[in-house]
Amino acid sequence: MAIDYTTIEEIINDFQLMIDDTSYDKEANIYQLRLLALQGLRELTFDVEQKVKTTTLAVNSTTLQCTLPADYVKLNRVGYRGDDDEFHPLGNNPNLVLDASVTSQVGDEAYDENNPYYHTDIGKKFGVGGGKNSLGYYRVNRQDGTINFSSDVAGKTVFMEYISDGITSTPAKDHIVRFTMKSSFEGGTEGFGVLPGSILKIPSRDGSSITFGFNDLYTTLGGVFENLTSNPSNLGLYANLIGPNKVNSIEIAEILTNLINEGHPSYHVAPYDSNIKASNIGNKVTITISNLTSDPKDLLDPDETFDTNLFNTQSGVLPFDISVASSQELVQLGSAGDTPKIHKFCEEALRSYMYYKYIQRRRGIPANEKQMAKRAYYNEKRLARARMMNFNKETAMLTSRKAFKQSPKI
């Protein structure tokens, strides 16, 4: 695990260890040191680190807005992720209305006589119009702590990159995954469909995984459907998978959703985890894992074998695929939250800031000591900024050659 960051608590502990009876800051209290550490962290974050965070936002279809993160300071960009794995930004529109509930009084029809911006005889009003960002527009509302969007973005999920203040504890973020379920087994050489013994793995709150098993209610010997006679497992999905009237993909999605949300209420079996909720539209099941205690596993993590959801050939069951999902996707990567911390390159600058600010306004401390502390802080700050710079020769060459295309060789 990377150790490129140090928590504020560790910085304060190290600072206290350096204090002795001859130090000018020997009377500093722990709460004063923590306040100075947070102030210094904020300043170094703005001037040196420029810590950029990313988050996903679901745009409300009614209000056309999203709430900004608690640690938001400045917006870098907001937009979509494309199929090319590149960022496609939205346009900034300072004229965008901040209250989508206000009734429109002016139309955009070219033949509307009440529209002051369009005229059937002379065209558009001078200075109005121009190009249009086909993806949509946004506008930041600092007073309300929201970001507003045009109607093109209603109901969609956007990605935002912003500069954090560096001191606000990052709250936990829900982990959201989505599965497209298959139907029950239909036979054939491809082995398409869900059978008894099929499993579905999803990420858990503690960084591991949860496995749901599929069971059949049809007795092949008796040729009849049976009800459960004992308490079922809250990780067991029970459905008609083999016999007549087999369930389809939509029914499987509904049964899985009910199992995750309710368990088996008829048998007084609670759901496996009340912090995991599911919803389905057709045969697509969206699962939200909340209150994470550890950073969750990605669906691409090879250690958890989430690919068994898409292709599963369990030995001793059948020699072909008995997987339960035709596709799976990560909608939002969750996190367990974080505490204030600073990069290793800025550690000494932060300690210098704490000492300088503590003695700056105190009486009885020589002016020469204050000047030395000030110079030490700004020297460490310049050194930290130089270390944090990631612009190198290769970056310069790539930038200069970006628009260059070599002529064809014939």
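Here, each number is a calculation from the coordinates, and none is a lab measurement. Please read these numbers as outputs of a predicted model, since none were measured by experiment. Here the Cβ positions follow ideal geometry from the backbone for every residue, glycine too, while neighbour counts run over all protein chains shown.
Things worth noting here:
- Residue order for 346, 66, fewest other beta carbons within 10 angstrom first, comes to 66, 346.
- Spin-label model distance (nm) - residue 5 vs residue 209, 7 Å beyond Cα toward Cβ: 2.7 nm
- Each Lys or Arg adds one and each Asp or Glu subtracts one; over the other residues with Cβ under 13 Å from the Cβ of residue 370, this totals +4.
- Here the stretch 356-380 and the stretch 244-266 have alpha carbon centers that stand 68 Å from each other.
- Between 40, 30, 67, the Cα set farthest toward the positive side of the dipole of the stretch 9-70 (charges on each charged residue's Cβ, about the Cα centre) is that of 67.
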